[in-house]
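K.L.:
Have a look at this one.
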Amino acid sequence: MNRRRFLASVPLALSCFHAGAVLARTPAKPGLRAIADSKSFRFGSAVDLQNISDPAACELYVDNVNSITPRNELKWKATEKSPGVFSFGGADRMVAFARKNNMRVYGHTLIWYRVPDWVSEITDARALRAVMNRHIKQVVARYKGSIDAWDVVNEPLEYDAPDLRNCVFRRLLGDDYIRMSFDMAHETNPGATLVLNETHLEKKSATFEQKRGHILKIVEDLVARKTPINAVGLQAHFRPGLDRIDPEGMGRFCAALKDMGIGVYITELDASCQFLKHDQGFTPAAYADVFRDVITVAAEHGDLKGVTVWGMSEKYGESDETETDADGACTKRINLYDDNNAPRSSADGVRQAIEAM
């Protein structure tokens with residue numbers, strides 16, 4: 001979407017979905033959406049279905065983002081729980097919310113190792129390919145014209161290892177299941193942006209450098225075979241006290257993708273406070289550095305297509321029970337607003353990064 005069309009789509013007053021009411025407020029400072037719109041930049045958030053019926057939650061999204069990612073409503077377990085029986089009620093409500101508020105929708109996700117049991121129990125390669133083809137084409141076709149970007153394959157590698165994940169798709173179809181998935185999605189919507197989404201591609205460690213190398217090899221092979229892949233998604237779930245951003249390694253990775261004509265998205269940006277006892281020097285103000293720096297590295301070295309935070313406010317988030325911090329105060333993933341809907345330093349970090357583009 002060009003700059004003129006993008007800005008023309010932004011209304012003077014934005015509305016929320018809540019029992020037919022129109023809600024509006026003027027924040028103390030312009031929301032992040034105003035900054036993103038001024039740059040014609042896609043800035044989004046993951047959204048849960050209950051959020052779009054909550055007035056306070058709804059207003060945070062309207063003030064801050066021009067794109068949403070349904071967190072769960074487009075996953076296989078939500079859309080096709082039983083063979084060939086599709087359910088789109090939740091996803092339809094999300095798309096309607098986005099349309100009402102002049103937002104784009106980023107689709108998450110078509111092929112992931114977490115599938116209903118009936119898919120995992122398939123033992124015949126031909127049957128699995130047919131099921132995969134039906135699922136991708138049904139979902140993508142329904143939202144053609146409404147969803148313009150898709151995580152086609154999510155997390156093809158193991159979480160903390162550089163190896164391809166031993167999921168049902170790879171067991172029966174081999175490594176080629178990735179190419180098949182992109183071809184199927186493209187056949188259904190040739191205009192959609194198709195993304196390969198993966199974990200830990202922004203972080204410093206020998207293992208994560210190997211993960212970057214493996215993803216680059218996968219992308220190189222797809223490009224050489226003229227597979228319609230447009231971008232790689234960097235999830236960017238950070239764990240201060242455990243993770244560090246790798247500006248050099250991440251920068252090289254983004255630059256290598258750009259050289260191949262492949263863009264990057266930051267798709268699931270958030271942080272954890274569960275490991276802070278391992279880094280006594282980390283303060284709440286430092287979340288600004290985490291959020292700003294990962295966006296800045298991607299923007300400076302790669303072809304950054306957009307950023308999505310994995311939730312807007314901890315008030316509406318789920319408990320993060322990986323480990324308890326020193327004083328027991330941390331219970332949820334760090335987003336842009338805290339449990340009282342007060343802005344965190346992370347919001348300033350995002351603002352700084354987008355303003356610098």
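K.L.:
What does the extension gain come out to for ALA56 and ASP124, with contour length at 0.36 nm per residue minus their alpha carbon separation?
P.N.:
19.6 nm
K.L.:
Given labels modelled 7 Å from the Cα in the Cβ direction, how far is it in nm from LEU242 to ASP117?
P.N.:
Rounded to a tenth, the inter-label distance reads 2.9 nm.
K.L.:
Name the long-range amide H neighbours of VAL105: under 5 Å, sequence gap of 5 or more, or other chain; modelled H, no Pro or chain starts.
P.N.:
Hits under the 5 Å cutoff: ILE68, ASP148.
K.L.:
A further question follows. Using protein chains only and a probe of 1.4 angstrom, how many square angstrom of GLU73 are accessible, to the nearest 10?
P.N.:
Answer for GLU73: close to 30 Å² accessible.
K.L.:
If you put +1 on each Lys and Arg Cβ and -1 on each Asp and Glu Cβ, how big is the dipole of segment 137-230 around its Cα centre, in Debye rounded to 20? Write down the numbers at each step before the final one.
P.N.:
Working: 14 positive and 15 negative charges, 36 e Å.
I would put it at about 180 debye.
K.L.:
So, one more: Whose amide H sits under 5 Å from the amide H of HIS200, counting only residues 5 or more places off or on another chain, with H placed in the peptide plane?
P.N.:
Amide H neighbours of HIS200: GLN235, ALA236, HIS237.
K.L.:
Assuming a viscosity of 0.692 mPa s and a temperature of 37 °C, what translational diffusion coefficient in µm² per second does Stokes-Einstein assign to the chain, Rh being the Kirkwood radius over Cα pairs?
P.N.:
Stokes-Einstein gives a translational diffusion coefficient of 158 µm²/s.
K.L.:
Could you check the spin-label model distance between ARG99 and GLU187? Points 7 Å from the Cα along Cα→Cβ, value in nm.
P.N.:
Using points 7 Å along Cα→Cβ, the separation is 2.7 nm.
K.L.:
I'd like the antiparallel share, as a percent to the nearest 5, of DSSP beta bridges with both residues in the chain.
P.N.:
Antiparallel bridges make up about 15 percent of those DSSP assigns within the chain.
K.L.:
If you line up the Cα atoms of segment 168-240 on their principal axes, what length do they span on each, largest first, in Å?
P.N.:
41, 27, 24
K.L.:
Given charges of +1 on the Cβ of Lys and Arg and -1 on the Cβ of Asp and Glu, with all other atoms neutral, how large is the dipole of segment 23-126 about its Cα centre, in debye to the nearest 20? It would help to have the intermediate numbers written out before the result.
P.N.:
Numbers: 15 positive and 11 negative charges, 83 e Å.
It works out to roughly 400 debye.
K.L.:
Test of the criteria: in segment 36-80, which trypsin sites (Lys or Arg not before Pro) are in a DSSP loop and have at most 10 other Cβ atoms within 10 angstrom of their Cβ?
P.N.:
The qualifying sites: there are none.
K.L.:
Checking understanding here: applying a Kyte-Doolittle mean of at least -1.0 and a length along the axis of at least 24 Å (C-alpha), which whole DSSP H helices in the chain pass?
P.N.:
Those that pass (Cα extent of 24 Å or more, hydropathy at least -1.0) are 125-142, 206-224.
K.L.:
Please work out, to two decimal places, the log10 of the ratio I(q)/I(0) at q = 0.09, 0.15, 0.21 Å⁻¹ from a Debye calculation in which every Cα of segment 181-335 carries one identical scatterer.
P.N.:
Debye curve over Cα of segment 181-335, log10 I(q)/I(0) at q = 0.09, 0.15, 0.21 Å⁻¹: -0.32, -0.81, -1.29.
K.L.:
On a 24 Å Cα-Cα criterion, which of the cross-link pairs LYS144/LYS217; LYS203/LYS258; LYS203/LYS277 come out too long?
P.N.:
LYS144/LYS217
K.L.:
In addition: Run through segment 139-223 and list the chymotrypsin sites (Phe, Trp or Tyr not before Pro) located in a DSSP loop whose Cβ has at most 16 other Cβ atoms within 10 Å. Working shown, then result.
P.N.:
Values: sites: TYR143, TRP150, TYR159, PHE169, TYR177, PHE182, PHE208; in loops: TYR143, TYR159.
Those that pass, being in a loop and sparsely packed, are TYR159.
The values are calculated or read from the model by the stated rules, or taken from the named source; none is laboratory data. Please read all numbers here as calculations on a predicted model, not as lab measurements. All Cβ positions, even for glycine, are placed from backbone atoms using ideal geometry, and neighbour counts span all protein chains on display. Note: accessible area is taken over every heavy atom of the protein model, side chains too, but ligands, DNA and RNA are not part of it. Shrake-Rupley method; radii C 1.70, N 1.55, O 1.52, S 1.80 Å.
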